[in-house]
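The values are calculated or read from the model by the stated rules, or taken from the named source; none is laboratory data. Keep in mind it's a predicted model, so treat the numbers as computed, not measured. FYI the Cβ positions are ideal-geometry reconstructions off the backbone, even for glycines, and counts take in every protein chain you see.
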Amino acid sequence: MTGQRITGLALTVTLLLTPVRDFIVATMTGHMLVQIPLLLLAGFLISAPSGASMRRSWLNPGGAPGLLMTAAVLTTWMVPRALDLAVTSNGIALLESSTLLAGGVLLRHSWQRAGAIGQAFFIGNLTWMAAVAGLLLRDAPVRVCTTYLVRDQRYAGTGLLLVATAIGVRWFTTWLALPSARTNREPHVAR
């Protein structure tokens, strides 16, 4: 078992322990900006590459189905009603954890196959969605989750905006550094 898998399993077990989970989901910011990304990361780490795997599967051509499912999972758990249910129902909390872990596995096995265009599409859509959700949470005049206070949703909204901006900027600067991005640009001619 690789170090990444051990780290992923340890992270999963830690996040699923009731006291840890209850502490994290006590605020909307913890739920959306700590638990969700960490469960996705745990799934990613658990599925460290090992020879022939889903990466070569006909079920995931070009990585598009895996990235689409990962995006669907993340979108589902950004919906306020889904967050409420995940906090108030142990069954839904288990569903949330398992789908986020599966999303991390799919992300791992789809990312390289998607190539720069597919990755840009995935990152662009998710950062845009997170930014819009952040704006809605931050500026909503009423509580959108029955579990969390308006103050919590404003903090979570601001956090989503910051994370979306950071991911977008990081992705764009990384993309600009790729050799393929440089070769597609016209050379600058000094006049």
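Summary of values
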quantity	calculated
Yes/no for Val20 being more than 26 Å from Gly66 (Cβ to Cβ), crowded, with 19+ Cβ neighbours inside 10 Å and touching a helix residue (DSSP H, G or I) at 6+ places or on another chain (Cβ under 7 Å)	no
Test: Ala72 is surrounded by fewer than 17 Cβ atoms within 10 Å (Cβ to Cβ), aliphatic (A, V, I, L, M) and under 28 Å from Ala133 (Cα atoms)	yes
Breaking point among (1) outside any helix (DSSP H, G or I); (2) in contact (Cβ under 8 Å) with a residue 12 or more places away in the chain, for Ser110	(1)
Matching entry among Leu41, Leu9 (being without any contact (Cβ under 8 Å) to a residue 40 or more places away in the chain and within 18 Å of His109 (Cβ to Cβ))	Leu9
Residue match in region 152-168 (condition: modelled with pLDDT under 90 and surrounded by 14 or more Cβ atoms within 10 Å (Cβ to Cβ))	yes
Qualifying position, being of a type in the set (S, T, N, Q), over 23 Å from Ala48 (Cα atoms) and not in a helix (DSSP H, G or I), among Thr127, Thr147, Thr173, Thr165	Thr147
Considering residues of region 93-120 that are among the aliphatic types (A, V, I, L, M) and farther than 15 Å from Leu39 by Cα only, the residue surrounded by the most Cβ atoms within 10 Å (Cβ to Cβ)	Ala114
